[in-house]
1. Inside segment 264-282, can you point out the residues that are of a type in the set (A, V, I, L, M, F, W, C), touching a residue at least 40 places away in the same chain (Cβ under 8 Å) and open to solvent by 10 Å² or more (accessible area, probe 1.4 Å)?
2. Of all residues in segment 342-387, which are more than 16 Å from the ligand (Cβ to nearest atom), surrounded by 15 or more Cβ atoms within 10 Å (Cβ to Cβ) and not in a loop (DSSP other than H, G, I, E, B)?
3. Among the aromatic types (Phe, Trp, Tyr), closer than 21 Å to SER96 by Cα and open to solvent by less than 60 Å² (accessible area, probe 1.4 Å): is that true of PHE157 in this structure?
4. Could we say that LEU285 is touching a strand residue (DSSP E or B) at 6+ places or on another chain (Cβ under 6 Å), open to solvent by 60 Å² or more (accessible area, probe 1.4 Å), over 28 Å from PHE88 (Cβ atoms) and part of a helix (DSSP H, G or I) here?
5. Condition first: away from the ligand (no atom under 11 Å from the Cβ), touching a Lys or Arg at 6+ places or on another chain (Cβ under 9 Å), open to solvent by less than 20 Å² (accessible area, probe 1.4 Å) and hydrophobic (A, V, I, L, M, F, W, C). Can you find one or more residues in segment 180-196 that meet it?
6. Test LYS175 against the stated conditions and say whether it is more than 10 Å from the ligand (Cβ to nearest atom) and modelled with pLDDT under 95.
7. State whether one or more residues within segment 51-74 are open to solvent by 50 Å² or more (accessible area, probe 1.4 Å), touching a Pro at 6+ places or on another chain (Cβ under 8 Å) and more than 24 Å from TYR358 (Cα to Cα).
8. So which residues in segment 332-341 are of a type outside the set (D, E, K, R) and open to solvent by 60 Å² or more (accessible area, probe 1.4 Å), if there are any at all?
Amino acid sequence: MASAFDSQSFQALLDTVERYVKNRLMPLEELVEEKNAVPEDIVAEMREMGLFGLGIPQEYEGLELDIEQEMQVQMLFSQTSQAFRLVFWPNVGIGSKGIVLAGTPEQKQRYLPKLASGEYRAAFCLTEPEAGSDAASLKTTAVRDGDHYVLNGTKRFITNALHADIFTVMARTDKSKPGADGISAFIVERSTPGLHIGKQEKKMGQRGSAICDVILENVRVPADAIIGGAQNEGKGFRIAMQVLDSGRASVAASAVGLARRIIDEAARYALQRKQFGQPIANFQLIQAMLADSEAEYLAGLALALRAGQALQQGEDARTLAASAKYFCSEMVGRVADRAVQIFGGSGYVAEYPVERLYRDARAMRIYEGTSQVLQLVIAKTMLKRYE
Ligand code: COS
């Protein structure tokens, strides 16, 4: 999908986002942490700015940014608490990409304009209590009953479940096929009887963004709720994996954005904090930590954008997306750790943002594919080249 924005108007959008993040969102970080919620007026402003529809085609009332542009916007939003980005990003990313990629014209017409405006919010339901990294072993069932399917099962750690109006639910339509081939992807509307949301989990970081179970008890959906229609029965795992390719590139972009913020905090602190009669930035051991972080940030930035480019060009981007997500999420972990070290005791107390940013960064090595699963994805495709 080509971008609807020329470089000048896209730069204007980036400038607006940068100002919004710095002037409006950053001052609210402590409030979001304390209340564990993003204020409703911010959600309304995000709707107003068109953020929910960043990547959705203009035909369906979105802004139709291309993937690299989406990633640049995401990098800016990731410089503040992740909770802000997580208000609208599920609509831009994993909540809508399946419909954009594989939906029928009717599904696109029915859902994409509402997702683009933010009237509807979206969630992606793959993980289950017994199926995390081994996603293809999922147990949620969808049993055909006339013109309907009846869904039963529990989905776990679902971002945005609290607010979502539609859920992309991966469920097994063919029990005789225990792996990927028996899985289909459904669009389930929140109002469907039998769909319940579990309690909000207490998390280590990324406060302000809720994750909950989604419980499906005899949830009846029309047969045409399968993404792409009946012809896509059994193709849900592949759709989920394709969605996750762009999701992983997008987590890489978030990690890069967050690393930028953390490095900025650490460098400013190093210049103003005095020990042994001078700013600690004068000491070479501090400089080494800052330099390692800056160099790794630059490497992550280049790799994330390369993955975005491959996705944009429609290449099979699974290795690049996995590499970018793996490298960038590990990178921001190291950057955050060094920043706490540079702040010393002050980095361990909540008075400075690095303590919170360190906790925010930790989730990135886990969601949308753990580092270890991504290593397997990279090795698998890589080894094929040598067979
Ligand atoms: N794009 C398109 N198709 C893909 C794909 C992708 N990125 N990745 C896999 N597939 C296809 C495979 O090609 C295979 O189809 P064929 O048999 O026709 O070749 C099918 O899907 C099954 O793939 P595979 O054999 O690799 O499945 P595995 O069960 O071995 O699982 C892993 C692969 C472990 C990589 C997968 O389960 C995974 O990514 N797990 C992590 C899940 C995750 O990220 N969860 C986070 C929560 S979601 S926010």
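1. ILE280
2. ILE342, PHE343, GLY347, PRO353, VAL354, GLU355, ARG356, LEU357, TYR358, ARG359, ASP360, ALA361
3. No, not satisfied.
4. Here the answer is no, as LEU285 does not meet what is asked.
5. Yes - at least one qualifying residue is present in segment 180-196.
6. When the stated conditions are applied, LYS175 passes them.
7. Yes; the residues of segment 51-74 include at least one that is open to solvent by 50 Å² or more (accessible area, probe 1.4 Å), touching a Pro at 6+ places or on another chain (Cβ under 8 Å) and more than 24 Å from TYR358 (Cα to Cα).
8. Selection gives GLN341 alone.
The values are calculated or read from the model by the stated rules, or taken from the named source; none is laboratory data. Remember, predicted model here, so these are calculated numbers, not experimental data. Positions of Cβ are backbone-derived with ideal geometry, glycine not excepted, and every protein chain shown enters the neighbour counts. For the accessible areas, the whole protein counts, side chains as well, though only heavy atoms, and no ligand, DNA or RNA atoms are used. Shrake-Rupley method; radii C 1.70, N 1.55, O 1.52, S 1.80 Å.
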